[in-house]
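Contents: one structure, followed by commentary.
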Amino acid sequence: MSIAVLDKAFTILEVMARTGRPLGLSDRGGEYRLSGRLGSLREYGRDEAVRDKALPLMRELHAEFDETVNLGLLEGIYIRYAHVLETTQPLRWIVKPGARDQFHTTALGRAIVAHLPAEQQSRLLTKACASLPARGRAAARAKLERELAATRDRGYALEEQE
């Protein structure tokens, strides 16, 4: 395979990453988009500034506690992991940068949302609870509201085998 072929392939991928939307090809039907793994390359560049600011503190925490340290960004009802420093301990949950979880399913997400303005927090709770069965939705929302209030008061969220 020649270097020119690789150069063209990377040029196409770079254009697709910059546009952030599916692209059509004039001589073929359908649309083409980046896979999740390739899409994460676009996010990696976008996260560089926040990662550079957070990295000194992340390294300090990692060195002091030898626990996994995650940097996450709130995107809608999801937390997207922008950077991860893994613990050296043998038993751990491995999260890759670019992975996403609903905010209410992780301590990181609850810690972020607990400190948002009340109106924004309420909108996120409504969206997050919308997929729950109607019968238990109100109780689940009330429980999450209590957990967010406790998180805000404590200054940190608890991760309990999630």
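The values are calculated or read from the model by the stated rules, or taken from the named source; none is laboratory data. Quick caveat, the model's predicted, so the values are computed rather than measured. So basically every Cβ, Gly included, is an ideal-geometry build from the backbone, and we count neighbours across all protein chains shown. Quick note on the areas: whole protein, heavy atoms, side chains included, nothing else; ligands and nucleic acids left out. Shrake-Rupley method; radii C 1.70, N 1.55, O 1.52, S 1.80 Å.
General remarks:
- Within region 122-133, the set of residues being part of a helix (DSSP H, G or I), open to solvent by 80 Å² or more (accessible area, probe 1.4 Å) and without any contact (Cβ under 8 Å) to a residue 40 or more places away in the chain comprises just one member, Arg123.
- Which numbered condition Met16 misses (of (1) open to solvent by less than 70 Å² (accessible area, probe 1.4 Å); (2) within 30 Å of Ala157 (Cα to Cα); (3) aliphatic (A, V, I, L, M); (4) modelled with pLDDT under 90): (2)
- Residue in region 59-73 that is among the charged types (D, E, K, R) and in contact with a Phe, Trp or Tyr (Cβ under 6 Å, 6 or more places away or on another chain) present: no
- Identity of the residue in region 134-162, modelled with pLDDT under 95, among the small types (Gly, Ala, Ser) and surrounded by 13 or more Cβ atoms within 10 Å (Cβ to Cβ), that ends up farthest from Glu75 (Cα to Cα): Ala140
- Residue match in region 30-43 (condition: modelled with pLDDT under 70, open to solvent by 100 Å² or more (accessible area, probe 1.4 Å) and assigned to a helix (DSSP H, G or I)): yes
- Among the residues of region 108-140, the one identified as out of contact with any helix residue (DSSP H, G or I) (no Cβ under 8 Å at 6 or more places or on another chain) and within 24 Å of Thr68 (Cβ to Cβ) is Leu108.
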